[in-house]
Amino acid sequence: MDKSISKKMYDFLSLTDEKVKADLIIGFGHFDLRIPEQCIALYNEGLVPSVLFTGGVGAGSADFQNPEAIEFLNYIKSKYPQIDTGHILIEKESTNTGDNLQFSIDILKEKGMLESIRRIILVATPTRQQRVFLTAKKYFPNKELINFPPRSSYETDKQINEKMNVDFEAHLMGELERIIKYPKIGFACSAKIPQELENII
């Protein structure tokens with residue numbers, strides 16, 4: 001694939017909004033520990049009162065020994081022992097993005113938090129952020145959703161993925177294909193795809 005097209009695909013997938021205060025931040029499970037790092041950075045800035053890590057064992061778990069959400073929590077406990085983990089909620093059963101969201105909703109309902117939440121920050125890997133957002137719109141139609149993946153670049157994410165033996169260009173193409181396909185089968189909301197990217201599918 002032409003590198004310029006790969007970069008345009010990356011830019012489309014890596015949806016990012018302005019940083020704002022919110023009622024909750026959700027970190028979506030993956031082997032990339034920049035996700036919990038980003039969540040806790042925003043929590044420490046006072047932008048959110050609570051963090052929810054969601055993720056069991058799935059395609060992005062790599063060599064984790066525990067569910068992704070537990071690995072995130074253990075990472076935070078080890079690196080930031082001063083953090084009050086009582087403000088971190090854990091969802092550790094999901095294996096895909098739809099389950100991430102539905103099981104997270106179930107936990108928020110159990111805690112009596114769902115109705116009071118108006119704005120949610122979503123943190124996923126940059127290349128999954130667009131799909132996470134479109135899926136979250138389906139599950140949280142009445143909430144304001146803010147995208148704030150870890151700051152990165154095409155080159156950085158390519159390197160991170162290839163260290164884990166992930167074909168980065170194939171990964172980008174797979175994400176774009178899901179964004180086109182999933183709204184048609186009710187898994188996510190639709191997005192306007194740039195014409196030059198539509199033409200490569």
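Things worth noting here:
- Among I179, I160, I25, residue whose mean-square fluctuation peaks in a GNM of the chain (springs only between Cα atoms under 10 Å): I160
- Given charges at beta-carbon only (K, R positive; D, E negative), |dipole| of segment 119-201 in Debye: 540 debye
- Accessible surface ranking for Y139, Y154, 1.4 angstrom probe, highest first: Y139, Y154.
- Highest-fluctuation residue, T95, T85, T135 considered, GNM on the chain with Cα pairs under 10 Å: T85
- Cα gyration tensor shape of segment 1-53, rounded if a/c is under 1.5, else prolate or oblate by comparing a/b with b/c: prolate
- Calculated [222 nm] ellipticity per residue, helices only, for the chain: -13000 deg cm²/dmol; basis is -39500 (n - 2.57) per DSSP H run with n ≥ 4, divided by all residues, nearest 500.
- Each Lys and Arg contributes +1 and each Asp and Glu -1, all at the Cβ; summed about the Cα centre of segment 8-97, the dipole is approximately 120 debye.
- Shape call, segment 97-201: gyration tensor on alpha carbons, a/c limit 1.5: prolate
- Radius 11 Å from Cβ of F140, net charge of other residues (Lys, Arg +1; Asp, Glu -1): +4
- The candidates K3, K184, K192, arranged from most to least accessible area with a 1.4 Å probe in the full protein assembly, appear as K192, K184, K3.
- When both segment 182-197 and segment 76-136 are represented by their alpha-carbon centers, they are found 23 Å apart.
- Ranked from largest to smallest solvent-accessible area, with a 1.4 Å probe on the protein heavy atoms, R118, R131, R151, R34 come out as R151, R118, R34, R131.
- Difference of contour (0.36 nm per residue) and Cα-Cα distance, E162 to K181: 4.3 nm
- Charge sum, other residues only, whose C-beta stays under 11 Å from K3's C-beta, Lys/Arg counted +1 and Asp/Glu -1: 0
- Summarising the strand pairing of the chain, around 0 percent of its internal DSSP beta bridges are antiparallel.
- Estimated vicinal HN-Hα couplings, Hz - segment 183-192 in sequence order (Karplus 6.51, -1.76, 1.60; Gly, Pro = x): x, 5, 10, x, 7, 7, 7, 8, 10, 7
- Spin-label model, L114/E18: points 7 Å from Cα along the beta carbon direction are separated by 3.1 nm.
- Between A170, A124, A22, the GNM of the chain built on Cα springs shorter than 10 angstrom shows A170 fluctuating the most.
- For segment 1-141: rounded, prolate or oblate by the Cα gyration tensor [a/c cutoff 1.5]: rounded
- Spin-label model, N44 to K137: label points 7 Å out along the Cα-to-beta-carbon direction sit 3.3 nm apart.
- Surface composition of segment 43-117: carbon and sulfur atoms hold 47% of the protein heavy-atom accessible area at a 1.4 Å probe.
The values are calculated or read from the model by the stated rules, or taken from the named source; none is laboratory data. None of these values were measured; they are calculated from a predicted model. Positions of Cβ are generated from backbone atoms using ideal geometry, with glycine treated the same way; all protein chains shown enter the neighbour counts. Note: accessible area is taken over every heavy atom of the protein model, side chains too, but ligands, DNA and RNA are not part of it. Shrake-Rupley method; radii C 1.70, N 1.55, O 1.52, S 1.80 Å.
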